Amino acid sequence: MTQSNLTQWLGGILARYNPKTALTTAATCCALVLGGCSSLPEKKIYTNIDINAPAEQVWAILVDNSAYAEWNPYHVRVNGTIAVGNTLDLQIHKPNGDSVLIQPSVMRLEPLRELTWGGGIRGIFFGEHVFLLEPINAQQTRLIHKEHFSGIAIPFASLETIEEGYADMNTALKQRAEAGH
């Protein structure tokens, strides 16, 4: 999420409240950030699924972002080159029907093992979305799909359907890999 996207998002949250509440919330947020608050709100999401396919096959599907629209019910569009430091354009369709556009940066990329993207402003709203592959044996792979959100805006964020969306994506990835794609 870029700083301008975050500013728009946070502004939208604050606009839902009356001006006095918005001002109080903004002042509280600033005080927490400037005061060096050591305990920021956070939300952790953890899902996993075992896939009857080798890690190489699962990895090839995971990093072929141009094909996400064919199989991925959650990340329906991921544009950009998956390389550390690059910004991606993601369109997310949440299970509740909401659609979100975000622009995370690729943070870590370890072939056959880890793909992590994320972004935001630390202390305000920051997310780190992780896909980990763990070989169970030569023909089975465990996908760990998780995210850690932190920052003072977390209590106001609409994050309640993300775990369901990740589970849906995990199942779709499993079906695609086990079908031999």
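Taken together, the values in this text are just the output of simple stated rules run on the coordinates, not laboratory data. Note that the structure is predicted; figures quoted are calculated from it, not measured. As a convention, Cβ positions derive from the backbone with ideal geometry for all residues, glycine included, and neighbour counts pool all protein chains shown.
Numerical summary
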quantity: Failed condition for His129, given (1) surrounded by fewer than 18 Cβ atoms within 10 Å (Cβ to Cβ); (2) of a type outside the set (A, V, I, L, M, F, W, C); (3) in contact with a Gly (Cβ under 7 Å, 6 or more places away or on another chain); (4) without any contact (Cβ under 8 Å) to a residue 60 or more places away in the chain; calculated: (1)
quantity: Any pair with Cβ under 9 angstrom, 6 or more apart, that starts in segment 63-92 at a residue that is free of Cβ contacts under 8 Å to residues at least 24 places away in the same chain and ends at one that is surrounded by fewer than 13 Cβ atoms within 10 Å (Cβ to Cβ) and of a type in the set (Lys, Arg); calculated: none
quantity: Residues within segment 136-177 that are over 27 Å from Glu42 (Cβ atoms) and among the hydrophobic types (A, V, I, L, M, F, W, C), tallied; calculated: 4
quantity: Output for segment 160-181, where each listed residue is among the hydrophobic types (A, V, I, L, M, F, W, C) and within 10 Å of the chain's Cα centre (by Cα); calculated: Ile162
quantity: Residues (out of contact with any strand residue (DSSP E or B) (no Cβ under 6 Å at 6 or more places or on another chain), of a type in the set (Gly, Ala, Ser) and buried (at least 17 other Cβ atoms within 10 Å of the Cβ)) located in segment 132-174; calculated: Ala157, Gly165, Ala172
quantity: Looking only at segment 88-107, and only at residues there that are under 23 Å from Ala167 (Cβ atoms) and either basic (Lys, Arg) or touching a Lys or Arg at 6+ places or on another chain (Cβ under 8 Å) (or both), the one that is surrounded by the most Cβ atoms within 10 Å (Cβ to Cβ); calculated: Leu90
quantity: Checklist (1) over 24 Å from Leu40 (Cβ atoms); (2) small (Gly, Ala, Ser); (3) touching a helix residue (DSSP H, G or I) at 6+ places or on another chain (Cβ under 7 Å) applied to Gly180, failing item; calculated: (3)
